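The values are calculated or read from the model by the stated rules, or taken from the named source; none is laboratory data. A quick note: this is a predicted structure, and the numbers were derived from the prediction, not measured. Note that we place each Cβ from the backbone using ideal geometry, even for glycine, and neighbour counts take in every protein chain shown.
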């Protein structure tokens with residue numbers, strides 16, 4: 001199974017992943033979790049690497065705050081969207097967008113050792129996610145931080161149980177392929193949080209913060225979501241993002257890790 005390239009889905013990613021209420025929840029959790037790291041940076045310019053960054057929305061916000069940013073991806077179509085935003089935001093002097101696989105970051109002379117390394121919704125699309133985590137750790141400067149998000153297999157299992165899709169659940173578990181129809185944004189390799197937690201210390205990292213992204217949003221009916229103010233949903237998502245069992249059923253998991 002090869003790593004997934006999103007040249008064919010770049011425009012859908014722009015609309016589905018980074019826009020709307022889902023994107024608002026994601027950004028709220030990331031901003032909250034990373035606030036202490038960015039606060040301690042003070043006036044220091046951080047070297048930020050966005051691995052598999054696609055259009056690099058979160059990374060470009062950091063560039064706007066004055067930090068140096070390297071956005072890497074294997075998809076040229078996704079990087080083209082990032083470059084459009086770089087120009088629109090006027091941060092071309094602080095951003096490089098490079099077509100490069102995650103596994104090559106630590107060996108590429110153009111990529112510095114990162115003070116902050118972003119890897120958001122990438123591991124679940126890779127053939128060897130545990131080995132990828134080792135490569136990510138090698139890209140960090142000593143004391144550097146990794147902001148890691150991944151698609152939670154427990155949330156997908158619960159969704160299938162909730163829908164009564166028991167045969168599909170059994171097929172997915174036996175085949176190990178969880179992806180939907182061709183072109184689906186459901187990854188083929190969603191990850192078990194407890195497995196990833198075991199990989200973290202093996203890669204020489206420690207967990208500083210652990211949050212869920214979209215703990216209840218995806219389980220609400222569309223009618224109920226439409227009735228409530230978006231800000232109220234975001235607020236409650238933040239409230240419950242670090243409380244089990246809600247965190248355990250979140251669609252995505254965010255781990256803020258530090259290299260010793």
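Numbers at a glance
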| quantity | calculated |
| --- | --- |
| Positions within region 134-152 being on the phi < 0 side of the Ramachandran plot and assigned to a strand (DSSP E or B), in sequence order | 140, 141, 142, 144, 145, 146, 147, 148, 149, 150, 151, 152 |
| Pairs where the first residue, in region 191-203, is free of Cβ contacts under 8 Å to residues at least 60 places away in the same chain and the second is part of a helix (DSSP H, G or I) and surrounded by 12 or more Cβ atoms within 10 Å (Cβ to Cβ), C-beta under 6 Å, 6+ apart | 192/153 |
| Answer residue from region 244-260, given it is touching a residue at least 24 places away in the same chain (Cβ under 8 Å) and in a loop (DSSP other than H, G, I, E, B) and is farthest from the chain's Cα centre (by Cα) among those | 260 |
| Meets criteria (over 20 Å from residue 24 (Cβ atoms), buried (at least 17 other Cβ atoms within 10 Å of the Cβ) and at pLDDT below 95) for residue 199 | no |
| Criterion: on the phi > 0 side of the Ramachandran plot and either buried (at least 19 other Cβ atoms within 10 Å of the Cβ) or touching a strand residue (DSSP E or B) at 6+ places or on another chain (Cβ under 9 Å) (or both) - qualifying residue of 247, 214, 258 | 214 |
| Residue within region 127-139 that is modelled with pLDDT under 95, within 30 Å of residue 186 (Cβ to Cβ), out of contact with any strand residue (DSSP E or B) (no Cβ under 8 Å at 6 or more places or on another chain) and surrounded by 15 or more Cβ atoms within 10 Å (Cβ to Cβ) present | no |
| Verdict on residue 192 being under 24 Å from residue 32 (Cβ atoms) and modelled with pLDDT of 95 or more | no |
| Set 117, 98, 102: member being at pLDDT below 95, closer than 19 Å to residue 58 by Cβ and touching a strand residue (DSSP E or B) at 6+ places or on another chain (Cβ under 8 Å) | 102 |
| Among the candidates 48, 69, residue that is without any contact (Cβ under 8 Å) to a residue 60 or more places away in the chain, in contact with a helix residue (DSSP H, G or I) (Cβ under 6 Å, 6 or more places away or on another chain), farther than 28 Å from residue 218 by Cα and buried (at least 18 other Cβ atoms within 10 Å of the Cβ) | 69 |
| Matching residues in region 78-99 - criterion: being over 17 Å from the mean Cα position of the chain (by Cα) and either within 16 Å of residue 54 (Cα to Cα) or touching a residue at least 40 places away in the same chain (Cβ under 8 Å) (or both) | 80, 81, 83, 84, 85, 86, 87, 95, 96, 97, 98, 99 |
| Any hit, region 109-124, residues being surrounded by fewer than 17 Cβ atoms within 10 Å (Cβ to Cβ), assigned to a helix (DSSP H, G or I) and out of contact with any helix residue (DSSP H, G or I) (no Cβ under 6 Å at 6 or more places or on another chain) | no |
| Positions within region 155-170 being surrounded by 13 or more Cβ atoms within 10 Å (Cβ to Cβ) and either free of Cβ contacts under 8 Å to residues at least 60 places away in the same chain or out of contact with any helix residue (DSSP H, G or I) (no Cβ under 6 Å at 6 or more places or on another chain) (or both), in sequence order | 156, 157, 159, 160, 165, 168, 169 |
| Residues of region 222-244 that turn out to be in contact with a strand residue (DSSP E or B) (Cβ under 6 Å, 6 or more places away or on another chain) and closer than 19 Å to residue 159 by Cβ, as a count | 1 |
| Flag for residue 226 being in a helix (DSSP H, G or I) and over 18 Å from residue 31 (Cβ atoms) | yes |
